[in-house]
Amino acid sequence: MNNSKISVRYAKALFQIATQNGCEDQVRDDMSNILTCINTMPDFKILLESPVLADDVKIETFKQMFGQNICPLTLDFFKLLVKNKRENYLKIICLNYSGYYNRNKNITKVLITSAVESSSELNNSIKDLVIKSNPGCKVELSTQIDNSIIGGVIINVDDKQYDASVKTQLSIFKDKLINNK
């Protein structure tokens with residue numbers, strides 16, 4: 001079975017059960033915390049992917065890491081993943097859960113990448129454009145600085161990217177010069 005199909009099915013099932021139990025917000029927070037741990041703690045990722053660690057060791061470690069702050073549904077879900085030998089898919093499951101949650105709550109994620117800190121006017125203009133194209137949506141806007149793009153901006157709206165960076169424009173110009181010789 002395809003990895004993406006596995007993760008999508010598990011994430012969808014978790015979202016449906018969380019919604020039925022009215023705890024989709026808490027499970028979203030749990031998924032976000034788990035994802036942060038996977039991305040920042042190499043030992044946690046090794047724990048998840050290790051075929052030699054016993055299932056009860058993985059579950060106990062998970063309980064100790066997240067303690068009382070985790071939703072019981074999330075803990076039960078992790079136990080199910082371990083039982084079915086699917087815990088190595090947890091990262092992509094977390095990402096897919098977030099996608100289901102955002103679509104259900106009509107949340108649009110926007111990331112603005114610029115060479116220097118973007119102005120609040122630019123951020124608000126982009127936010128307004130997104131809301132105008134999708135009335136009623138809630139925009140979660142974040143920014144990052146990447147001086148390698150030289151200038152301009154790259155705007156990611158959910159899974160779409162609009163690249164107006166100087167780096168990309170120079171690359172396009174270079175390709176046109178080379179191909180026209």
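Among (1) out of contact with any Phe, Trp or Tyr (no Cβ under 8 Å at 6 or more places or on another chain); (2) surrounded by fewer than 17 Cβ atoms within 10 Å (Cβ to Cβ), where does I126 come up short? Status for I126: all satisfied but (2). Could you say whether any residue in region 104-113 is hydroxyl-bearing (S, T, Y), part of a loop (DSSP other than H, G, I, E, B) and within 23 Å of the chain's Cα centre (by Cα)? Within region 104-113 (the criterion being hydroxyl-bearing (S, T, Y), part of a loop (DSSP other than H, G, I, E, B) and within 23 Å of the chain's Cα centre (by Cα)), the answer is no, since none of the residues qualifies.
Scanning region 70-113 for residues that are surrounded by fewer than 20 Cβ atoms within 10 Å (Cβ to Cβ), among the aliphatic types (A, V, I, L, M) and touching a residue at least 60 places away in the same chain (Cβ under 8 Å) yields I92, L95.
Does V153 satisfy the condition of being of a type outside the set (S, T, Y), surrounded by 14 or more Cβ atoms within 10 Å (Cβ to Cβ), out of contact with any Gly (no Cβ under 9 Å at 6 or more places or on another chain) and closer than 19 Å to G99 by Cα? No: the conditions fail for V153. Could we say that G136 is on the phi > 0 side of the Ramachandran plot, surrounded by fewer than 16 Cβ atoms within 10 Å (Cβ to Cβ) and part of a helix (DSSP H, G or I) here? Criteria not met by G136. The set of residues in region 9-34 being hydroxyl-bearing (S, T, Y) and farther than 16 Å from I70 by Cβ consists of Y10, T19.
Of everything in region 51-69 that's in contact (Cβ under 8 Å) with a residue 12 or more places away in the chain and among the aliphatic types (A, V, I, L, M), which residue is surrounded by the most Cβ atoms within 10 Å (Cβ to Cβ)? Among those that are in contact (Cβ under 8 Å) with a residue 12 or more places away in the chain and among the aliphatic types (A, V, I, L, M), it is I59.
Scanning region 157-181 for residues that are in a helix (DSSP H, G or I) and polar (S, T, N, Q) returns T168, Q169, S171, N179. It is to be established whether one or more residues within region 11-26 are within 24 Å of N106 (Cβ to Cβ), at pLDDT 95 or above, under 14 Å from the mean Cα position of the chain (by Cα) and of a type in the set (K, R). No, because not a single residue in region 11-26 is within 24 Å of N106 (Cβ to Cβ), at pLDDT 95 or above, under 14 Å from the mean Cα position of the chain (by Cα) and of a type in the set (K, R). Screening the candidates S125, S142 for the property of being of a type in the set (G, A, S) and either in contact with a Pro (Cβ under 6 Å, 6 or more places away or on another chain) or part of a helix (DSSP H, G or I) (or both) yields one hit, S125.
The values are calculated or read from the model by the stated rules, or taken from the named source; none is laboratory data. The structure displayed is predicted, hence computed values, not measured ones. Note that we place each Cβ from the backbone using ideal geometry, even for glycine, and neighbour counts take in every protein chain shown.
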